[in-house]
Every structure is written in structure tokens, then in C-alpha cells.
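Undergrad: Questions regarding the structure given below will be posed in turn.
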Amino acid sequence: IADGYFFTNEPAKCEASLKKAISLDAQNKEALMKISEFYMYLDRFEESISYANKILEMDQNFSKAYIIKAMCYKNAGDTARAILNFREAFDKNPQDYNACIMLAQLHFGLKDKLAITYYNNALNLKPKSLEAYYGLAMFYQETNELNRALETYSTILSIDPNYKNAHYNIGYIHFQYLKNYNQ
């Protein structure tokens, strides 16, 4: 019911439904998770983190609670805490592709070579992930590892020959960086 209220633009009813569910069962991780997500979507980060922490008090291995906290910190501009919580989520669930990608993207933003490790971890989880390959290629491009960028863009095109950003960036590298106008 709460999701229905949320998607029909009735957040007050959604919040009331979630709080009612929690009042009936304060240990209901699903209800706590939903209200934590609800507050995150409304940019009420402190409340969202508070509910995520309640889940973690019951179960320190509940990786989704770390994801919610990480997203709150990321959206609030606290990259260090976002990374810390995404890492905790990934440590608790090493199969969490989304945590891995978020870690890669945050490290990319910091121009930190750990981005490469996380993109490669993501590719181990989803070997044909265009998202991970493209992020990795862009990281190589932005850090002036042009041959590696070109190789990675070529890998993207072997998976999806119509991936226009890979074609564009190959051309951009040849034109802008390598001054190889014939390519």
C-alpha cells in the first residue's frame, strides 16, 4: 500500500502507512527499509540514515542498509562517507554489482586509480556490462592512458557495435589527443 501512495504522489499517506507498519512490528526490516528509502527519495537524509541504522542494529550484515546510507551521503555531497558505506555494503555482499559500480564512479570522480579495480570487479560480476566498460574507458581517457582507453572502447564495440559513445570517443581521442586526423 505504501508504494502505491508514493507512486500516486501521496507522500503523507505513504509515510503514515510505513510508520503504522513499523508501529505494529518495530523489527520488520522490510518496513524499516522502505521508510529509509522513502526519506532518501525525499532528500530527508538524516531520517533515512536513522532508519537504516535501526536495521543495522538488528543485522550488521544487511548490505542494503549500507547502500541507502551511502546514497544519502553521496546525494548530500559527503563522498568520503558514501565510499565508506558502499565499501561496507560490498564487503558484506561481494556480489553487489551496484555497490561496486558506485565505488568505481566515486573513485573516478576523485581521479583515484582504485576506480580501475572497482570497474574490473564489476566486470567480474557482469562480464558484458557496457556501463562498467564505458566507465573504465572514460577513466583511462581522463587519466591520459589513451591506448588502454582505445582498447576498452574496442571491447565495448565487440559487445555492441552500435554503441555510439564508444565510436565518438575513439574519434575524439584520435582527433584531439593523437592528432591522427585520418583515423
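Undergrad: Mind listing just one residue for me: the one in region 38-57 that is aromatic (Phe, Trp, Tyr) and in contact with a Leu (Cβ under 7 Å, 6 or more places away or on another chain) and, of those, most open to solvent (accessible area, probe 1.4 Å)?
TA: From region 38-57, those aromatic (Phe, Trp, Tyr) are 38-39, 41, 45, 51; that's our starting set.
So of that shortlist, the ones also in contact with a Leu (Cβ under 7 Å, 6 or more places away or on another chain) come out as 38, 51.
Values: Phe38: 7, Tyr51: 38 Å².
Looking at the filtered set, the residue picked out is Tyr51.
Undergrad: Picking from Tyr119, Tyr140, which residue would you name as being over 18 Å from Lys74 (Cβ atoms) and of a type in the set (Ser, Thr, Tyr)?
TA: Details: Tyr119 fails: over 18 Å from Lys74 (Cβ atoms).
Only one candidate passes the filter, namely Tyr140.
Undergrad: Which condition breaks for Gly109 when tested against (1) out of contact with any Lys or Arg (no Cβ under 7 Å at 6 or more places or on another chain); (2) under 21 Å from Ser50 (Cα atoms)?
TA: Every condition holds for Gly109 apart from (2).
Undergrad: Could we say that Ile55 is touching a Phe, Trp or Tyr at 6+ places or on another chain (Cβ under 7 Å) and in contact (Cβ under 8 Å) with a residue 12 or more places away in the chain here?
TA: Numbers: touching a Phe, Trp or Tyr at 6+ places or on another chain (Cβ under 7 Å): yes; in contact (Cβ under 8 Å) with a residue 12 or more places away in the chain: yes.
Here the answer is yes, as Ile55 does meet what is asked.
The values are calculated or read from the model by the stated rules, or taken from the named source; none is laboratory data. Predicted model only: the values in this text are computed from it and were never measured. In this analysis, Cβ positions are derived from the backbone assuming ideal geometry, glycine residues included, and neighbour counts consider all displayed protein chains. Please note that ligands, DNA and RNA were not included when accessible areas were found on the heavy atoms of the full protein model with its side chains. Shrake-Rupley method; radii C 1.70, N 1.55, O 1.52, S 1.80 Å.
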